[in-house]
Each structure stands twice: as C-alpha cells, then as structure tokens.
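Only one structure is covered here, and it is reproduced in the block below.
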Amino acid sequence: MIPTAEDGALIRRHQSFFKQHTNEILTGFYDVVLSDTATREYISESERAMRENTLRGWYEVSILGQFDEHYWKWQVLVGIVHVKHNIPNAAMLGMWGWMVNFLQQRLLAELPVEEALAVLQVLQKLQTTVCALVVESFILTQQEAIRQASGLRPTIMERFIQIEINSLLKQGRAHLACAEDVAA
C-alpha cells in the first residue's frame, strides 16, 4: 500500500486540481475539527490560523507526490508532533477520512471517472501508509517517553503493558458477557 514513483507522478499530473482545492480543504478541515465542543476547548481562533498554516504546509508537500524515504520519515515525525499536541489517533484517522471524502467528491465531479478513480487509489494508498506511520510513531513515542521517565528497562515495561492489557481484556470480556446476559 506504499505509493510508488508512478503514483507520485500521477499526483503531480493533477497539481492544478489539488492546488485549486487547497483553501477549501483547509477551511473545511478546521470547520469539522472545531465543530466538536471538546476540540474547541483547546484550539482557539488564533491557534486555528496557525494550525491551518501547518496543515497547508503538510498538504502542499504531500501533493508534490515525492513519496521518498524523507517524506516517510517526516510522517513518523508527525506522529511525535501529535503526541506533543495531544491529537488523538482517532481524530487523525477521522480527519484523513474526511479529507479523502472531500477530494473524492471533487475528483469524481471534475475528472473523467477512470482518472478520478486512479487518483483516488493513490490517495487511499497514501492515507493507509501515512496513518500507519503516524499511529505507530504516536504509540511508540508515548511508550518511549514513559519508559525514559520511569527508568524502566524495556522488558519490564513490556511486561507491565502485557499485564494491563490482559486485565483490560478480562474486564472487556466480562462486560460483554454481562451485556449478552441482559440482552437474553
């Protein structure tokens, strides 16, 4: 699912399409983000302009279609930035879905169907790869920060995580069993 050089070339061939929708995607993105009351509590209007500018930079680099090692390392860094700014993975994944949907509607309206579908396929590959890198980076960054702050060795840290995961699984299964009993 990693975009190829050919995929990047296809994105570059449609630069005018992507550029034409830049402002709309930025405004729409943050309109959706800020429609959530919890989000509005930690993103002020003055911050919105700064965040839109950051998203603009990310979007402009991404639509260049230069999907090389540097680009992928940059996406890993995005995961670390998301930890710093407390951006949940669920929010990032949801907003990626919003962006692809936004672009899909316009691609299908403005390009021949075959070409629109080819570009969409690249966007879906890009979405899959970027999301995987950002989510993994986010999780590993949090774990590493906790490990360093606690001074725990990696093996001990992993053991503590497994103990807690097993406990959560047990609780979840018990909760589901109770729900099934109530439903019956």
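The values are calculated or read from the model by the stated rules, or taken from the named source; none is laboratory data. Treat the numbers as computed from the prediction; the structure is a model and nothing was measured. Cβ coordinates were reconstructed from backbone atoms using ideal geometry, including for glycine residues, and neighbour counts include every protein chain displayed. We work out accessible area using only protein heavy atoms, side chains counted, and drop any ligands, DNA or RNA first. Shrake-Rupley method; radii C 1.70, N 1.55, O 1.52, S 1.80 Å.
No other residue among GLY97, GLY79 is assigned to a helix (DSSP H, G or I), under 13 Å from the mean Cα position of the chain (by Cα) and modelled with pLDDT of 95 or more apart from GLY97. Among the residues making up region 23-62, those that are within 13 Å of MET95 (Cα to Cα), open to solvent by 30 Å² or more (accessible area, probe 1.4 Å) and assigned to a loop (DSSP other than H, G, I, E, B) are SER35, ASP36.
The residues on offer are MET99, MET92, and the sole one that is more than 18 Å from ASN23 (Cα to Cα) and open to solvent by less than 30 Å² (accessible area, probe 1.4 Å) is MET92. Answer yes or no: is there a residue in region 151-163 that is in a helix (DSSP H, G or I), touching a residue at least 60 places away in the same chain (Cβ under 8 Å) and surrounded by 14 or more Cβ atoms within 10 Å (Cβ to Cβ). No, because not a single residue in region 151-163 is in a helix (DSSP H, G or I), touching a residue at least 60 places away in the same chain (Cβ under 8 Å) and surrounded by 14 or more Cβ atoms within 10 Å (Cβ to Cβ).
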